[in-house]
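What follows draws every value from the coordinates through simple rules; no lab data is involved. Since we're looking at a predicted model, the values are computed, not measured. In this analysis, Cβ positions are derived from the backbone assuming ideal geometry, glycine residues included, and neighbour counts consider all displayed protein chains.
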Amino acid sequence: MKRILAIGIFVLSTLISNAQSDTSKVEQYCQVIATPRLLSSKVTIDIDFGEEKSFWRDTRLKTDGGKLRKFNTVIDAINYMGSEGWIFINAYPVRMGQTEIYHFAFKKLFLKSELL
C-alpha cells in the first residue's frame with residue numbers, strides 16, 4: 001500500500017512540475033474605447049479585455065487600492081496601457097450620428113500558464 005501511495009505521489013508531482021514549466025507565449029488583445037461625454041470636453045474610457053460583461057458584476061478597471069481607475073484624457077489611457085506592457089496596434093474612429101467614438105487596439109504577450 002505504501003509503495004502504491006509513493007508511486008502515486010511521484011507521478012502527481014511530475015505532472016504538476018511539467019505544467020509549471022510551460023514557457024510558450026500567447027498574444028492577447030484588448031481595445032480602448034474613447035467616447036465623448038455629453039456637454040463636456042472630457043471622454044469616457046472603456047477598456048475591453050474580452051471578458052464576459054455582467055449586470056451583477058463590476059468589471060471596471062480598478063487601481064491596486066481597489067478604487068475605480070479614471071483617466072483624464074485619451075492619451076492618459078494610452079500611456080497607462082503602455083506602462084502595463086501593452087503594445088499599440090491600430091486606431092480607428094466609428095461615427096455614430098454626430099459623435100465619433102475612437103477605438104485603440106493593443107496586444108500583449110502572456111505565458112500560457114498566466115492565462116489559466
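Averaging sequence separations of C-alpha pairs under 8 Å and six or more residues apart, then dividing by the length of the stretch 24-115, give the relative contact order as a whole percent.
39
Using a 10 Å cut-off on Cβ atoms, rank the peptides 29-35, 69-75 from the highest mean neighbour count down.
On the way: 29-35: 17.1, 69-75: 13.3.
The densest-packed peptide leads the list: 29-35, 69-75.
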Rough spin-label spacing in nm, given labels placed 7 Å along Cα→Cβ, for residue 53 and residue 67: 2.6
Sparse-neighbourhood loop sites, GluC sites (Glu not before Pro) in the stretch 64-116 - DSSP loop, at most 16 other Cβ within 10 angstrom: 84
Backbone HN-Hα couplings from phi across the stretch 28-41 [Karplus 6.51/-1.76/1.60, Hz, Gly and Pro as x]: 10, 10, 8, 9, 9, 10, 10, 10, x, 7, 5, 6, 8, 8
Rounded to the nearest 20 debye, dipole of the stretch 53-116 from Cβ charges on Lys, Arg, Asp, Glu: 220
Difference of contour (0.36 nm per residue) and Cα-Cα distance, residue 96 to residue 114: 2.8 nm
